[in-house]
1. Suppose the filter is assigned by TED's automatic domain parsing to the domain that holds residue 154, at pLDDT 95 or above and under 21 Å from residue 358 (Cβ atoms); does residue 410 pass it?
2. Taking the criterion of being among the small types (Gly, Ala, Ser), assigned by TED's automatic domain parsing to the domain that holds residue 36 and under 25 Å from residue 479 (Cβ atoms), would at least one residue in the range 360-379 satisfy it?
3. Got a sec? Which of 91, 61, 105 is free of Cβ contacts under 8 Å to residues at least 40 places away in the same chain and out of contact with any Pro (no Cβ under 8 Å at 6 or more places or on another chain)?
4. Within the range 61-102, how many residues turn out to be surrounded by fewer than 20 Cβ atoms within 10 Å (Cβ to Cβ) and modelled with pLDDT under 90?
5. Taking the range 333-349 only, how many residues are closer than 17 Å to residue 411 by Cα and either basic (Lys, Arg) or surrounded by fewer than 24 Cβ atoms within 10 Å (Cβ to Cβ) (or both)?
6. Give the residues of the range 64-83 that are of a type in the set (Lys, Arg) and assigned to a loop (DSSP other than H, G, I, E, B), sorted by residue number.
Amino acid sequence: MLLRKKPRLSFWQLWNMSFGYVGIQFGFALQNANVSRIFETLGAKVDEIPILWIAGPVSGLLVQPVIGYLSDKTWNRLGRRKPYFLIGAILASLALLVMPNSPVLWFAAGMLWIMDASINVTMEPMRAFVGDMLPDEQRTTGFAVQTFFIGASSVIGSLLPYLLTNWFHLANTAPEGVVPDSVKWSFYLGGGVYLLAVLWTIFSTKEYSPEEQEAFHAKSNEAGQPDLVVELDAKKYTFAGAGLLLGGLIFSLIIRLLAWDKGLYILSFGASFYGVLQLVAAARYTAGKKQGLVELVQDLNNMPGPMRQLALAQMFTWFALFAFFIYSTAAVTSYHFGSSDPKSAAYNLGANWVGVLMSVYNGVAALVAFLLPVLAKRTSRVMTHQICLVIGGLGLGSMYFFHDPQLLIVSMIGLGIAWASLLTMPYAILSSVVPYRKMGVYMGMFNFFIVIPQILAAALLGLLVRTVFHGHTIYALALGGVSMIAAAGLMLRVKDERKEI
């Protein structure tokens, strides 16, 4: 087989292959800035919001590894990753059209599940796409371009209700139980942008064929060889699975007997669910079936070293961010605007300001994105990420000390710097060390360390706000700042195995 090297892509090729993130982030920006507002409009109490948000992380936990596994093994006329771009874009666009018209709270919670799962179907292959298309030395820049699109499109997506209210004079208030027109039309526009942006990437970028990928990776031990044989210790996995299943059930019983917060059932369910997966994988392996679930479970237990090292830092970082996503609206409207009533003008003014703040931190991320490869080349990717996380933690924590809503822009500048690094550096490190044939599944599994802390946050923050913080949601944001600074400390453990940027 003729040895080939992946060609470096031009700026406009990088632009085209990442442009789909404009649509993806329109969806996430609208979700992050407005879903808590929709829930409160439909009657949710403040301490109920975290458990309603649980749909997002649970769908990511299940969807991304499966889509990654499937896309690793897909090749058809449309390509390897692009079929999943298209399916996810169609479903997510439809969900964005329906979400703001939810008639009752349970329906809105269900639509969040569908919307988040659909966005994940598009997003996971987009991460692997960079690893597929770029040579190793260009991947940090490739993820930085994605970060630019994420930040820039989030500015507009987060600002949409504010712009539609102040520039186009759409109603920003509505009768009790009805979502304002400014929010509804923001979701309608977001659905259209989502589909069009993903179609741009699909039609403007040609994927490398399996034969070309084999030629690019001919030096590796895998090149030209069949998929690695899966070897699994069925007895070990059976005992581990039974232990997790039993542990989850016992924890559920303790929660019930001690009348702890019901949100904690999510943790017991997660342990039991993974226990069942281990048991099923062991049974399938014993029966001679070594594909599918067996591969997924074995891959998870054989993660590359840097991926394991990044995991804990990711978990602390995303715990902080999920605290912000859940409670930014409630904290800003009550702590900075003095109202917790979704029908009041002050509340809706504060809710619109949250959209402005989210646009600020995303705008900062877009600007900082192209500075990160330069800083990483002068220092290291690990140190760059550490510096950014410390700045982000200070920014998030400062929301407690700033009482003037205008000063929260300073807080968002710090958070935006951390956000830019979080979307770039961990993925650049990871894409350099995982096997190219498993790029999709490992990118999907890396999402575990995003959604597990989100599940923890959803299970614990409601309890903390109600009992320890006495309903003051601003303390949840301060806790998030501490968690992000702790993540910076945990990055000291990470060894970036790639020698050159």
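The values are calculated or read from the model by the stated rules, or taken from the named source; none is laboratory data. Because the structure is predicted, anything quoted here is derived from the model rather than measured. Backbone-built Cβ (ideal geometry, glycine too); neighbour counts: all protein chains shown.
1. On the way: assigned by TED's automatic domain parsing to the domain that holds residue 154: yes; at pLDDT 95 or above: yes; under 21 Å from residue 358 (Cβ atoms): yes.
For residue 410, the condition - assigned by TED's automatic domain parsing to the domain that holds residue 154, at pLDDT 95 or above and under 21 Å from residue 358 (Cβ atoms) - is met.
2. If we filter the range 360-379 for residues that are among the small types (Gly, Ala, Ser), which is where we start, we get 363, 365-366, 369, 376.
Applying the additional criterion that residues be assigned by TED's automatic domain parsing to the domain that holds residue 36 yields 363, 365-366, 369, 376.
Still in the running and under 25 Å from residue 479 (Cβ atoms): 365.
For the range 360-379, residues among the small types (Gly, Ala, Ser), assigned by TED's automatic domain parsing to the domain that holds residue 36 and under 25 Å from residue 479 (Cβ atoms): present.
3. Details: 61 fails: free of Cβ contacts under 8 Å to residues at least 40 places away in the same chain; 105 fails: free of Cβ contacts under 8 Å to residues at least 40 places away in the same chain.
Exactly one residue qualifies, and that residue is 91.
4. So the answer is 9.
5. Qualifying residue count for the region: 3.
6. Here is the first cut: in the range 64-83, the residues of a type in the set (Lys, Arg) are 73, 77, 80-82.
Within the range 64-83, 73, 77, 80, 81 qualify.
Residue by residue, here is whether (1) closer than 15 Å to residue 312 by Cα; (2) part of a helix (DSSP H, G or I); (3) of a type in the set (Val, Ile, Thr) holds:
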{"position": "455", "(1), (2), (3)": "yes, yes, yes"}
{"position": "489", "(1), (2), (3)": "yes, yes, no"}
{"position": "492", "(1), (2), (3)": "yes, yes, no"}
{"position": "495", "(1), (2), (3)": "yes, no, no"}
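This table checks each residue for (1) among the aromatic types (Phe, Trp, Tyr); (2) within 24 Å of residue 144 (Cβ to Cβ); (3) out of contact with any Leu (no Cβ under 7 Å at 6 or more places or on another chain).
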site: 392; (1), (2), (3): no, yes, no
site: 395; (1), (2), (3): no, yes, no
site: 398; (1), (2), (3): no, no, yes
site: 403; (1), (2), (3): no, no, yes
site: 414; (1), (2), (3): no, yes, no
site: 426; (1), (2), (3): no, yes, no
site: 434; (1), (2), (3): no, yes, yes
